[in-house]
């Protein structure tokens, strides 16, 4: 058997704009600073409190005490819950149905909270399509650590070469590379540019094999990869 390890936000579910907006408001309300939404996309895959710390560092502002970090993170969660109207990207449900028909192992590997991941997947009718869901509570380190994908491999009983990671963020790609798992990138609506990914192939022909404009465009590649001997 082969397995596809999907990131959730930005790959399966169009939730990143809502995450970015919620973080922007939370920083403004609690820390009285304005952040660039793109920084949230660049740090996608980190647990919320670590992402908050990294944004302070990126803005060259002293990281505040833990209570402030926690307040921003919790406020972001509540704002996201109130504001998000995220839906699957075009072609996602059809892709999952095709993989179900081919008995391909499928997992979601996310750094978001278990409640958030399960809620988004269930609300959009795709939770039951997965054999495994990895969330922040299953991990001691989020992306770019290899732990999220290594944990998924262990739970599924797969070797690195028997899995394919589908990501959209630089940190997610870094995590896959550190776990020695092949990957593809589905850009969808990310504002992150290609030069902000550290581990993409430099050769244009090799890059074309792993880079797709969106998840729908990667459908045939994913199905063929999972069904190849």
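The values are calculated or read from the model by the stated rules, or taken from the named source; none is laboratory data. All values derive from a computational prediction rather than experimental measurement. Note that each Cβ is placed from the backbone with ideal geometry, even for glycine, and that neighbours are counted across all protein chains shown.
Quick check, is residue 98 surrounded by 14 or more Cβ atoms within 10 Å (Cβ to Cβ) and over 26 Å from residue 1 (Cα atoms)? Break it down stepwise before answering.
On the way: surrounded by 14 or more Cβ atoms within 10 Å (Cβ to Cβ): yes; over 26 Å from residue 1 (Cα atoms): no.
No: the conditions fail for residue 98.
Take residue 50 and decide whether it is farther than 30 Å from residue 125 by Cβ, part of a helix (DSSP H, G or I), under 16 Å from the mean Cα position of the chain (by Cα) and not assigned by TED's automatic domain parsing to the domain that holds residue 92. Break it down stepwise before answering.
Values: farther than 30 Å from residue 125 by Cβ: yes; part of a helix (DSSP H, G or I): yes; under 16 Å from the mean Cα position of the chain (by Cα): yes; not assigned by TED's automatic domain parsing to the domain that holds residue 92: yes.
Taking the combined requirement at face value, the residue satisfies it.
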Next item on the list: Any chance you could count how many residues in region 135-163 are within 14 Å of the chain's Cα centre (by Cα) and closer than 14 Å to residue 226 by Cα?
Entry: 0
Notebook entry, point to check: Does region 16-42 hold any residues that are within 18 Å of residue 115 (Cβ to Cβ) and surrounded by fewer than 21 Cβ atoms within 10 Å (Cβ to Cβ), and which are they?
Noted result: 18
Notebook entry, point to check: Here are some conditions: (1) more than 24 Å from residue 177 (Cβ to Cβ); (2) crowded, with 20+ Cβ neighbours inside 10 Å. Residue 87 meets all but one. Which one does it not meet?
Noted result: (2)
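Tell me which strands (runs of 3 or more DSSP E) are completely within region 129-229 and hold 1 or more residues being touching a residue at least 40 places away in the same chain (Cβ under 8 Å), assigned by TED's automatic domain parsing to the domain that holds residue 118 and surrounded by 15 or more Cβ atoms within 10 Å (Cβ to Cβ), or say none if there are none.
Numbers: elements: 132-134, 163-167, 183-186.
Of the strands (runs of 3 or more DSSP E) lying wholly inside region 129-229, those with at least 1 residues that are touching a residue at least 40 places away in the same chain (Cβ under 8 Å), assigned by TED's automatic domain parsing to the domain that holds residue 118 and surrounded by 15 or more Cβ atoms within 10 Å (Cβ to Cβ) span 163-167, 183-186.
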Notebook entry, point to check: Got a number for residues in region 80-116 being part of a helix (DSSP H, G or I), at pLDDT 95 or above and under 22 Å from residue 46 (Cα atoms)?
Noted result: 0
Note to self: I'm checking my understanding of the structure. Among residues of region 17-47 that are closer than 18 Å to residue 86 by Cα and in a loop (DSSP other than H, G, I, E, B), which one is modelled with the lowest pLDDT?
What the structure shows: 45
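Which residue, of 41, 23, is closer than 30 Å to residue 158 by Cβ, in contact with a helix residue (DSSP H, G or I) (Cβ under 9 Å, 6 or more places away or on another chain) and not assigned by TED's automatic domain parsing to the domain that holds residue 153?
Values: 23 fails: closer than 30 Å to residue 158 by Cβ.
Testing whether each residue is closer than 30 Å to residue 158 by Cβ, in contact with a helix residue (DSSP H, G or I) (Cβ under 9 Å, 6 or more places away or on another chain) and not assigned by TED's automatic domain parsing to the domain that holds residue 153 leaves just 41.
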